[in-house]
Amino acid sequence: ADVAYLRSVLPSSTDDAFFDYLATLDASEVTVTAIPEGSVVFPRVPFLQVKGPLLVVQLLETTLLCLVNYASLVATNAARFRLLAGPDVKLMEMGLRRAQGPDGALSASKYSYIGGFDCTSNILAGKLYGIPVRGTIAHSFVMSFRRLEEARPRELPPRAGGDPVDLAGLALSWLQRVCDLLQTPPGKANEGELAAFVSYAVTFPCDFQGLLDTYCVRRSGLPNFCAVALALHQLGYQAIGVRLDSGDLAQQSKEIRGVFRACGAHFQVPWFGTIPIAVSNDISERSLEEFRRVGSEIDMIGIGTNLVTCPLQPSLGCVYKLVEVNGSPCLKLTEDEEKMTIPGMKTIYRLYDAAGHPFMDLMALEEEPSPSAGQELGIRVLGQLGETTKVIPTTVELLHRTYFRDGQVCEPLPSLPEVRTHAQVSLSLLSPAHRRLHEPQPYPVAVTERLHRLFLELRQGS
């Protein structure tokens, strides 16, 4: 069917032998080597190399670039958010509604997890990939209640057993005590919001959480949540968190933490002061920088639009270039030096310093001997090809592995958690100067003297 369709759209002068060839096409002569998934990769370094019949490897170009470009972009974007948030704050991907369609959303969930996010709100991604799933209640749920009588059911048995208790009535009595402590009028607390919290708490007593900003955080959301959480505590349950979705998130988090601590101390509930605080609302890198600058009490951050749509860099410019044909190296020449290709089949090495940080990636021709740790190397750094640089690596790592040969996958493919762990380890090995997000020290990529001579020969010959 595919060949028949191609016959219908290609020029009528296309040789029949071409379609006969396509009908028998296979990848048994293709070999793919690549840098392991989850590795840090730098510009100009070939992270994937494909060998095989020219027609076959050209047909693979679009597929391979489609598979790696958006995935690498999202993983990188997620890694930047993780670096800004620090290791202790939980990050939740929640971009399904803003992603480029359902397939884009699934990719975003998967690769943001690799990049360092802890969980996703995308249930299908959880089902397909085993990513932890999390979520909170919605404004529409809170707004759907008007009066306390609408909370159904409203009775909850104590966790230790016994007769069910009217949770709505118990929460109402706690509301008065909380408002007295906070010096806010109970009448300002929205009754429908209290009903929503009670209804949720009866349904999920071990997983109760509150969305505080449907009406007013200070006068309504916060006292209503505290009242229901304290009522649950009286019955042996423990609330698991709150979420903010508007306003000055950092400042509000500090005020809320103060209220939680005051309630915990006043009502002798020690765990109350540590209730997790989650925030959302168009979170960007700038938001995280501001949280760090002013300080906050935020425990979890939900990020959607600015994660899955990658506004700082909407696309990643991975390219697929021919470097050798029938054993003869190829060179693409252009007036833009950055778009010149590095000719020949290459082996890629990562060089480490004595502190264990990678300090340079080195490209060598495939037939060259491997560099050794402690050996002085004469190399040419891209962008500074006019001069030789001497380096002595403490450790040398061969980056590429062969994953596909003779029509078969020949390297065990890691699980998603393994890729995620590898990504975080790869990032942690970078020196702080290379890892910082603002004005990082450029990471040098170099070629061997032999590869540099080949480059000059081909350029002069052209």
*Convert 20 °C to kelvin, take the viscosity as 1.002 mPa s, use the Kirkwood radius over C-alpha pairs of the chain as Rh, and evaluate the Stokes-Einstein diffusion coefficient in µm²/s, rounded to a whole number.*
82
*Once all Cα-Cα distances of segment 76-308 are split into 5 Å bins that start at 0, what whole-number percent is in each one?*
1, 7, 14, 17, 17, 15, 13, 9, 5, 2, 0
*asked:* For segment 73-132 and segment 253-272, what is the centre-to-centre distance using only Cα atoms, to the nearest Å?
replied: 31
*So, in Å, what gap is there between the alpha-carbon centers of segment 166-188 and segment 418-441?*
49
*Please name which of G378, V68, L451 has its Cα lying farthest along the dipole of the chain towards the positive end, using unit charges on Cβ (Lys, Arg +1; Asp, Glu -1) and the Cα centre as origin.*
V68
_Size of segment 376-462 as Cα extents on the principal axes (Å, biggest first)_ = 46, 42, 26
*Work through the residues other than S109 whose Cβ is under 14 Å from its Cβ and net out their charges, Lys, Arg +1 and Asp, Glu -1.*
+3
*Running Debye on segment 297-412 with equal point scatterers at the Cα sites and no solvent, what base-10 log of I(q)/I(0) appears at q = 0.14, 0.18, 0.20 Å⁻¹?*
-0.90, -1.15, -1.22
_Hydrodynamic radius of segment 282-328 per Kirkwood, over alpha carbon pairs, in Å_ = 14.2
*In whole Hz, what ³J(HN,Hα) sequence does segment 314-321 give by Karplus (6.51, -1.76, 1.60; θ = phi - 60°), x for Gly and Pro?*
x, 8, 10, x, 5, 10, 10, 10
*Based on the mean of other beta carbon atoms within 10 Å per residue, what is the order of 171-184, 139-152, most packed first?*
171-184, 139-152
*With only Lys, Arg, Asp and Glu charged, each at its Cβ (+1 for the first two, -1 for the last two), find how big the charge dipole of segment 76-308 is about the Cα centre; round to the nearest 20 debye.*
240
*Taking Cα atoms of segment 38-186, Rg/Rh with Kirkwood Rh, to two decimals?*
1.22
*Please report, largest first and rounded to whole Å, the three semi-axes of the ellipsoid equivalent to segment 187-260, where each semi-axis is the square root of five times an eigenvalue of the C-alpha gyration tensor.*
20, 14, 11
*What does the charge add up to near P46, with Lys and Arg as +1, Asp and Glu as -1, over the other residues with Cβ less than 11 Å from its Cβ?*
+2
_Less than 12 Å Cβ to Cβ from A23, Lys/Arg counted +1 and Asp/Glu -1: what total charge do the surrounding residues give?_
-3
*asked:* Which entries of K51/K321; K110/K254; K51/K110; K339/K390; K51/K332; K51/K346 have Cα-Cα distances beyond 21 Å here?
replied: K110/K254; K51/K110; K339/K390
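Bear in mind these aren't lab numbers, they're just calculated from the coordinates by the rules spelled out. For clarity, every value in this text was computed on a predicted model and none was experimentally measured. Heads up, the Cβs are rebuilt from the backbone with ideal geometry, glycines too, and the neighbour counts pull from every protein chain shown.
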